[in-house]
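Scroll down for the structure; my scribbles are underneath it.
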Amino acid sequence: MLDYLITSKTRLKLLIKFFSNSKNQGHLRGLAEEFGESTNAIRKELNNLTEAGFLLKVAEKNRIEYQANPKHPLFSNLQDLIRKYLGFDRLLETVLERMGDVNEVVLTGDYAQGIDSGTIEVLIKGEELNGDYLDHLGIRIEQLIDRKVIFNINGKSNADEELVLFKK
């Protein structure tokens, strides 16, 4: 639905990259390579988003890194919009519904890095979790959000490459 509102696919990819997880950063060439787009298209959208105040430029060594501006008045609204577009709200609601004593729900993999790859990896931490429910849950969530979901219970993740959706 959001792709009808934001007609530039490059802009939408950048918004997903930076607003799905505010820790995400990227530089021009890296983003162009990641998205398979030209540096000119990426540069144009980065400049527009920076000029509007949605992104910050951070000089690191000999390149400029971009990241979401958490002080922008619309930051939380845009972050909520992007997360709803990706289906994180429905995923979280469904997991917490009947999984048992959930302590933490963490996104890992591509989506934690802001890449809309179509496969969401979810780490669920807790005690006495209903593992049988996961098989049914995966199918239900995939139908709700049109993305494949892979669950991992009480596994390990890399703190730099994760997005905490829920913490008790």
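Tell me the net charge near Phe88. Cut-off is 11 Å between Cβ atoms, Phe88 excluded, with +1 for each Lys or Arg and -1 for each Asp or Glu.
Working: positive: Arg83, Lys84, Arg90, Arg147; negative: Asp80, Asp89, Glu93.
So the surrounding residues net to +1.
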Item to check | For Cα extents along the principal axes in Å, calculated from these coordinates, the label among (1) 49, 35, 30; (2) 44, 36, 30; (3) 54, 43, 31 | outcome: (1)
Checklist outcome for this item: If each K or R counts +1 and each D or E counts -1, the residues other than Asn77 whose Cβ falls under 13 Å of its Cβ total +1
Item to check | Fraction of beta bridges assigned by DSSP in the chain that are antiparallel (%, nearest 5) | outcome: 80
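Please give the peptides 81-93, 65-77 ranked by average Cβ packing (other Cβ atoms within 10 Å per residue), highest first, as a rough proxy for protection.
On the way: 81-93: 18.2, 65-77: 14.9.
The peptides rank, most packed first, as 81-93, 65-77.
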Item to check | Label zone at Asp110 (point 7 Å along Cα-to-Cβ), backbone N below 19 Å, segment 33-60 | outcome: 33-38
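Quick one: accessible area per residue over the chain, 1.4 Å probe, rounded to a whole number of Å²? Provide the component values of the computation, followed by the final result.
On the way: 9510 Å² over 168 residues.
Value for the chain: 57 Å² per residue.
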Checklist outcome for this item: Computed for the chain: size of charge dipole around the Cα centre, +1 on C-beta of each Lys and Arg, -1 on C-beta of each Asp and Glu, debye to nearest 20, value 720
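Any chance you could run the full-extension gain for Thr7 through Lys57? It's 0.36 nm times the residue separation minus the Cα-Cα distance, nm to one decimal.
Value of the extension gain: 15.6 nm.
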Checklist outcome for this item: In nm, the gap between the two label points placed 7 Å beyond Cα toward Cβ at His136 and Glu65 is 4.5
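What's the FRET efficiency of His27 with Asn103 using the Cβ-Cβ distance as r and R₀ = 45 Å, to the nearest 0.05? Walk me through the numbers on the way to the answer.
Numbers: r = 35 Å, r/R0 = 0.79.
Here the calculated transfer efficiency is 0.80.
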Checklist entry - Mind checking the dipole of segment 79-168: about its Cα centre, +1 per Lys or Arg Cβ, -1 per Asp or Glu Cβ, Debye to the nearest 20? => result 120
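Exceeding 32 Å between C-alpha atoms, which entries from my cross-link table qualify? They are Lys44/Lys84; Lys9/Lys148; Lys61/Lys167. Could you put the intermediate results ahead of the total?
On the way: Lys44/Lys84 26 Å; Lys9/Lys148 21 Å; Lys61/Lys167 35 Å.
Exceeds cut-off: Lys61/Lys167.
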Item to check | Among Ile153, Ile16, Ile115, residue whose mean-square fluctuation peaks in a GNM of the chain (springs only between Cα atoms under 10 Å) | outcome: Ile153
Checklist entry - What is the set of long-range amide H partners of Asp110 at a cut-off below 5 Å, with H atoms built 1.01 Å from backbone N? => result Glu121
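Quick one: with all protein chains in place, what share of the accessible area of segment 1-136 is carbon or sulfur, to the nearest percent (1.4 Å probe)? Before the final figure, lay out the partial values.
Numbers: 3410 of 7310 Å².
Of the solvent-accessible surface of segment 1-136, carbon and sulfur hold 47 percent.
The values are calculated or read from the model by the stated rules, or taken from the named source; none is laboratory data. This is a predicted model, so every value here is computed, not measured. Positions of Cβ are generated from backbone atoms using ideal geometry, with glycine treated the same way; all protein chains shown enter the neighbour counts. Keep in mind that these areas ignore ligands, DNA and RNA; they rest on the heavy atoms of the full protein, side chains included. Shrake-Rupley method; radii C 1.70, N 1.55, O 1.52, S 1.80 Å.
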